[in-house]
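Since every read-out is calculated from the coordinates, none of them should be taken as a lab result. No experiment lies behind these values; they were computed from the predicted model shown. With ideal geometry, Cβ positions are generated from the backbone for all residues, glycine too; neighbour counts draw on all protein chains shown.
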Amino acid sequence: MYRSPTALKTKLALIASTLLAPVSSVFASDGVVLKSNDLVGISFWFISMALVASTVFFFMESLRMAGKWRTSVVASGLVTLVAAVHYFYMRDVWVATGSTPTVYRYIDWIITVPLLMAEFYLILSAITKVPGGVFWRLMIGTIAMLVFGFAGEAGLLNVTVAFILSMLGWIYIIYEVFAGEASKISASKATPGVQSAFKTMRLIVTFGWAIYPIGYVLGYLVGNDPTASANSLNLIYNLADVVNKIGFGLIIWAVASRETEASTGK
Ligand SMILES: *C/C=C(C)/C=C/C=C(C)/C=C/C1=C(C)CCCC1(C)C
């Protein structure tokens, strides 16, 4: 990304100002307001609020779930909580500067994506004993995908090479949930409710997650108008987060709810 010294300077100024964000957040009094034609900025606002609301919902709902299902629903709430806080900062960066908040985005992902992956392990563990290897293999694929993605977006590695390496991490995850041990455990030991949740979750990891590499391609690999690329990148990542954080959480919530009702007769 650092193609010129001025670009680097702008980026450094951005990093410095975002570090100071907690003390000097973006307020209308600084003359910085959300413009009515800033579609990407508006999407940052919408999603911040949707994430806050989802967090309250998941935490409250976890209280009425059967004990072994609570962890999964709490984890959904943690994902939306961590993302909500990052969205506040990303929103400020975008509204004030029109630049892509890459660092915040990846700090968010490095916390939330492993939590989402852990959900596969958690829902299976709620019904049977699952070897730790399942958990660690999913984690390794996830970390590789994110580390290479960041290296590409931050200009530490060639964007195309980083893209390919990151894709390999994602493909490995897909393999594990469709053909690996996790999928075998689900197929052989899980209750029908859990099996169906497992299947929907892996479809999200396949199709919902596919939205992110599309954003990366439009942001970095094609097109030569930097403003248009930054707009597509952020809009697409934002939409993807709705599906993959809130939507994914709702699937967990639905199965936890159903299984709780089945076990308690309520
Ligand atoms: C809540 C955030 C989620 C679920 C983020 C998921 C991110 C990805 C699946 C990103 C994948 C990427 C590739 C597969 C290749 C290009 C680089 C990435 C990091 C955008």
Would you mind ranking Val130, Val161 by Cβ crowding within 10 Å, fewest neighbours first?
Val161, Val130
Two-site label geometry, Ile164 and Asp225: point separation in nm, points 7 Å out along Cα→Cβ:
3.1
Take Thr191 and Ala53, extend 7 Å from each Cα along the Cα→Cβ direction, and tell me the distance between the two endpoints in nm.
3.0
Pairs of lysines 8 or more apart, or on different chains, with alpha carbons under 13 Å: count those in the chain, would you?
4
What's the exposure ranking of Leu203, Leu122, going from fewest to most Cβ atoms within 10 Å?
Leu203, Leu122
Taking the stretch 34-264 and dividing mean pair separation by its residue count, relative contact order in percent (alpha carbons under 8 Å, at least six apart):
23
For the chain, find the longest principal axis of its Cα atoms and tell me its angle to the long axis of helix 226-241, 0 to 90°, nearest 10.
20
Taking the highest mean first, how do the peptides 71-81, 190-200 order by number of other beta carbon atoms within 10 angstrom per residue?
71-81, 190-200
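Taking a ≥ b ≥ c as the square roots of the Cα gyration tensor eigenvalues, with a/c under 1.5 meaning rounded and otherwise prolate when a/b beats b/c, else oblate, which class fits the stretch 34-264? Mind dumping the intermediate values first?
Working: a/c = 2.54, a/b = 1.46, b/c = 1.74.
Judged from the Cα gyration tensor, the stretch 34-264 comes out oblate (a/c at least 1.5, b/c at or above a/b).
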With axes computed from alpha carbons, what is the tilt in degrees of helix 132-153 against the longest principal axis of the chain, rounded to the nearest 10 within 0 to 90?
10
The helix 102-125 Cα axis meets the longest alpha-carbon principal axis of the chain at an angle in degrees, between 0 and 90 and rounded to 10, of 0
Taking +1 at the Cβ of each Lys and Arg and -1 at the Cβ of each Asp and Glu, which of Ala254, Thr264, Ile47 sits farthest along the dipole of the stretch 34-264 towards its positive end, judged by Cα position relative to the Cα centre?
Thr264
Place a point 7 Å from Cα of Ala254 in the direction of its Cβ. Which residues in the stretch 184-216 have their backbone N less than 18 Å from it?
191-209
Suppose every Lys and Arg Cβ carries +1 and every Asp and Glu Cβ carries -1, with no other charges. What dipole size does the chain come out with about its Cα centre, to the nearest 20 debye?
540
